[in-house]
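Colleague: After the structure tokens below, expect a handful of questions from me.
Derivation of every value follows stated rules applied to the coordinates shown; laboratory data play no part. What you are looking at is a predicted structure, and each value in this text was computed from that prediction instead of being measured. Heads up, the Cβs are rebuilt from the backbone with ideal geometry, glycines too, and the neighbour counts pull from every protein chain shown.
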Amino acid sequence: MSEMNLQALLQRVNSTQIAPGNPRVRALTERIVTDLFKTIDELDVSADEFWTAVDWLGRLGAAGQLGLITAGLGFDRLLDIRADEADQRAGRQGGTPRAIEGPLYVAGAPTATYEVRVDEGAPKGEVFVMEGQVRDLQGQPVPGALIDVWHANEQGGYSHFFPGMQPYELRRRIQADAQGRYRLRSYLPPGYSIPPNSPTSELFEALGRHGHRPAHIHFLVVAPGLRTLTTQVNIPGDTYIDDDFAFATRDGLVIELERGVAPAGYESLGIEAPFVRSRFDFVLTPALNDSEASPLARIARITA
Ligand code: MBD
Ligand code: FE
């Protein structure tokens, strides 16, 4: 093996091959390796720094926290910004704004029609009803639209990720009725914070950043022929509403709360005292192909 300088090594790494491989993967790898060589050289990265980073990546993956880091470093929002820009260029307007899925969606939540109680047992926060309609861009109801909803518990934990919670706790799937209507009862969740003493918190401490998200509720809305909508709504008044560690707060997604709503008409949700209500409609845009209408969330989509 001959002696090489950085440029010669980079050239060899990027050009060596025994088969065509995948050209897209080759192009992306070439770019990332080139940029990283440059970073190591220009920032004079030591061997110890490099292997510390590799060890951290391994622990990050083992802890299942890659999706926390992508969100916290802005990549999830970046993809939404780019999707919005592509829509704008294509003249695709309207509809409920998209917002990041985040790493905590779980498929297979129990399904109900029209209305459901997302929480179980005693409320662990203010009793909350969110209700509205799924509509298309013409204002027509979307009967049978499927709405996945998931949110954190009173400690900011999500079921399947946070110890001590029941499977599918605070996760439900609602099938809208013939008029496209839905309603759900839960309690107003607090915000979320990244797990302490974890690979993610190590990086955030080193960056001098907090790892808090403002209070929010996630939705995945699916209907035939319409573009799958992944979004979240924010609960107003949160300290972190404009300082989300995942940069996901958006205009049009901060809900309005009506406090002290009379319980009449909400008996079927077990409500007998004044409660907090929010009306929110989901507006879906047409799907241009099967993939846009695919009922799959992020991970299922890429592994399908
Ligand atoms: C969350 O609850 C979340 O929604 C995101 C995007 C990242 C981490 C935790
Ligand atoms: Fe979340």
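Colleague: Under the definition of Cα pairs under 8 Å and six or more residues apart, what whole-number percent is the relative contact order of the chain? Please report the intermediate quantities before stating the final value.
Modeller: Details: 519 pairs, mean separation 61.4, N = 304.
After rounding, I find 20 percent.
Colleague: How many angstrom separate the Cα center of segment 273-304 from the Cα center of segment 126-200?
Modeller: Cα centres, segment 273-304 to segment 126-200: 12 Å.
Colleague: Separate question: Taking 0.36 nm per intervening residue step and subtracting the Cα-Cα distance, what contour gain separates residue 288 from residue 14 on full extension?
Modeller: Details: separation 274, 0.36 × 274 = 98.64 nm, distance 3.68 nm.
This chain segment gains 95.0 nm when fully extended.
Colleague: Right, another one. Can you tell me how much longer the chain between residue 166 and residue 299 gets when fully stretched, taken as 0.36 nm per residue apart minus their C-alpha distance, in nm with one decimal?
Modeller: Numbers: separation 133, 0.36 × 133 = 47.88 nm, distance 2.22 nm.
Contour length minus the Cα-Cα distance gives 45.7 nm.
Colleague: If you don't mind, there's one more thing I want to ask. Looking at the chain, do any whole DSSP H helices span at least 24 angstrom along their long axis by alpha carbon and average 0.0 or above on Kyte-Doolittle, and which?
Modeller: none
Colleague: Return the FRET efficiency for the residue pair residue 43, residue 2: r is the Cβ-Cβ distance, R0 is 25 Å, and the value is rounded to the nearest 0.05. Can you show the working numbers first?
Modeller: Working: r = 27 Å, r/R0 = 1.09.
Given R0 = 25 Å and the Cβ-Cβ separation, E is 0.40.
Colleague: With the calculation restricted to Cα positions, what are the radius of gyration and Dmax of segment 1-131 in angstrom?
Modeller: That works out to 23.0, 71 Å for Rg and Dmax.
Colleague: Return the tail of the calculated pair distribution for segment 69-303, meaning the percent of Cα-Cα pairs more than 22 Å apart.
Modeller: Working: 14510 of 27495 pairs.
The proportion of pairs with Cα distances above 22 Å equals 53 percent.
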